[in-house]
Amino acid sequence: MNFKAYDILSSLVPCFLALLVLLDFLGIKYDKDLVIAYTAIAFLLGFVMNTIGSWMEDIYFWTWGGKPSTQLLNGHFIWKVRFYHHVKTKNKLLADTDNPNATDDELFSIAMRHVNGKKDTRIEDLINPMHSQEHY
């Protein structure tokens, strides 16, 4: 198991805070001598929360009108995220495949392959730890 900065930020810190709120809510006094046990519980709670979030992806995608990767490749934006070169990018991705009728998921997997092939980038840390490389 690799322990990276992303694991700390996405699982441990928020879940440790949630655990402290839960202890207060249940009326259990915080014991500084149990900090290692609290950390282990928070880490486990983080993985449970990530799992539940992964299970709910289809619901998220439905409420958003499709996968974010598909939306961006097709030029659909939200007010905060704009991808101005979606046509150029999609054409480059189509040039990288032998399938002239490639789906947006296939094109996105090609993009992920390009990104994952580079070392020492933030991308490695930001990929959801619950997914494997083969998923993309």
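Would you mind telling me the share, in percent, of accessible area of segment 1-102 contributed by carbon and sulfur at probe 1.4 angstrom?
Roughly 67 percent, rounded to a whole number.
Can you work out the accessible area per residue across segment 5-64, with the rest of the protein chains kept in place, probe 1.4 Å, in square angstrom?
On the way: 4440 Å² over 60 residues.
Dividing the accessible area of segment 5-64 by its residue count gives 74 Å².
Short version: ³J(HN,Hα) in whole Hz for each residue of segment 17-29, in order, from phi by Karplus 6.51 cos²θ - 1.76 cosθ + 1.60 (θ = phi - 60°), x for Gly and Pro, what are they?
Karplus values, whole Hz, x for Gly and Pro: 5, 5, 5, 4, 5, 5, 4, 5, 4, 7, x, 8, 6.
Counting Lys +1, Arg +1, Asp -1, Glu -1, what net charge surrounds residue 58 among other residues with beta carbon under 14 Å of its beta carbon? Write down the numbers at each step before the final one.
Details: positive: 67; negative: 57, 105.
Around residue 58, the surrounding residues sum to -1.
For segment 31-37, what does the Karplus curve 6.51 cos²θ - 1.76 cosθ + 1.60, with θ = phi - 60°, yield as ³J(HN,Hα) per residue in whole Hz, taken in order and with x for Gly and Pro?
10, 4, 6, 9, 4, 5, 5
The values are calculated or read from the model by the stated rules, or taken from the named source; none is laboratory data. All figures in this text were calculated on a predicted structure; none of them were measured in a lab. Note: ideal-geometry Cβ built from the backbone for every residue, glycine included; neighbour counts use all protein chains shown. For accessibility, only protein heavy atoms count, side chains too; no ligands or nucleic acids. Shrake-Rupley method; radii C 1.70, N 1.55, O 1.52, S 1.80 Å.
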